[in-house]
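K.L.:
Got a structure for you, questions after.
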Amino acid sequence: MLVWERPEPPNRPVPTPLSREGIVRTAIRLADADGLDAVSLRKVAAALDVGPMRLYGYIDTKEELLDLMVDAIYAEVRAAGDDWRETLRSHAESVRRAAHRHEWFADLIGRRPQLGPNALASGEAVAAALKAVDLDAVMPMAAAVNAYVIGAVRREISELRAERATGMDERGWQVSLGPYLERAFATGKYPALETVVRDAAHLDADETFRSGLECLLDGIGKRVG
């Protein structure tokens, strides 16, 4: 029986009351502070001031704990709108915001199908928004948006982590690599790339995400039409 369907053990008020929800909240707090390396059944038990064996029955494995953590964050994801485009845009931007609030979330989404109740509710909202679309196209369209969001937020989170690790922001990185690019472009081997780098608009992270998402939604719109 999956963890979503398995009942919790009877509540024991002493020495420390436990619940699956409380265990997951504690794990999320640890992950928010120090990343997924800070999460294990032993570390969560220590944070709750109980022995690790107390957690079994509520959660059997670390994989179950990670699944529960992901589903808890899906409760923060909203997909709302008057049509399929608004709903998919809302869903995508909401997932992105959740990933920036909980950076570890970006490491886990897309790893395997998420079947917890909050993830299913999110999927239901997306599927309902696409109800006018050819049935066989619903899953590929939803998967395309999810793939875009997952790729975009993982890149953004990786850049943030690199910035914290090196102390160098995007502007500093550009300055440091500028002389190298000048030498590379001077060879004449990369004329198209040189034009893009020199003359195209340089968007910030928010603008880049939204621009790419609109391109994807335009393509879906043609399919829907």
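For (1) free of Cβ contacts under 8 Å to residues at least 60 places away in the same chain; (2) of a type in the set (A, V, I, L, M, F, W, C); (3) not assigned by TED's automatic domain parsing to the domain that holds PRO117, each residue gets a yes or a no:
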position: GLU8; (1), (2), (3): yes, no, yes
position: ALA31; (1), (2), (3): no, yes, yes
position: ARG54; (1), (2), (3): yes, no, yes
position: LEU65; (1), (2), (3): yes, yes, yes
position: ARG85; (1), (2), (3): no, no, no
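K.L.:
Let me ask something additional. Can you tell me how many residues within the stretch 106-127 are assigned to a helix (DSSP H, G or I) and free of Cβ contacts under 8 Å to residues at least 24 places away in the same chain?
P.N.:
Count: 4.
K.L.:
Of the residues ALA47, ALA80, which single one is closer than 30 Å to ALA128 by Cα, touching a residue at least 12 places away in the same chain (Cβ under 8 Å), surrounded by fewer than 16 Cβ atoms within 10 Å (Cβ to Cβ) and over 15 Å from the mean Cα position of the chain (by Cα)?
P.N.:
ALA80
K.L.:
Condition check: surrounded by fewer than 14 Cβ atoms within 10 Å (Cβ to Cβ), over 30 Å from ALA127 (Cα atoms), modelled with pLDDT under 85 and touching a helix residue (DSSP H, G or I) at 6+ places or on another chain (Cβ under 7 Å). Does LEU203 satisfy that?
P.N.:
Here the answer is yes, as LEU203 does meet what is asked.
K.L.:
Let me ask you something else. So ARG42 clears everything in (1) in contact with a Pro (Cβ under 6 Å, 6 or more places away or on another chain); (2) assigned to a loop (DSSP other than H, G, I, E, B); (3) of a type outside the set (Val, Ile, Thr) except one condition, right? Which one?
P.N.:
Unmet for ARG42, out of (1) in contact with a Pro (Cβ under 6 Å, 6 or more places away or on another chain); (2) assigned to a loop (DSSP other than H, G, I, E, B); (3) of a type outside the set (Val, Ile, Thr): (2).
K.L.:
Taking ALA144 and the conditions (1) out of contact with any Leu (no Cβ under 8 Å at 6 or more places or on another chain); (2) under 18 Å from VAL77 (Cβ atoms), which numbered condition does it fall short on, given that it satisfies the others?
P.N.:
(1)
The values are calculated or read from the model by the stated rules, or taken from the named source; none is laboratory data. On a predicted model such as this, the values are computed, not experimentally measured, just so you know. Please note: Cβ atoms are built from the backbone with ideal geometry, for glycine as well, and neighbour counts cover all protein chains shown.
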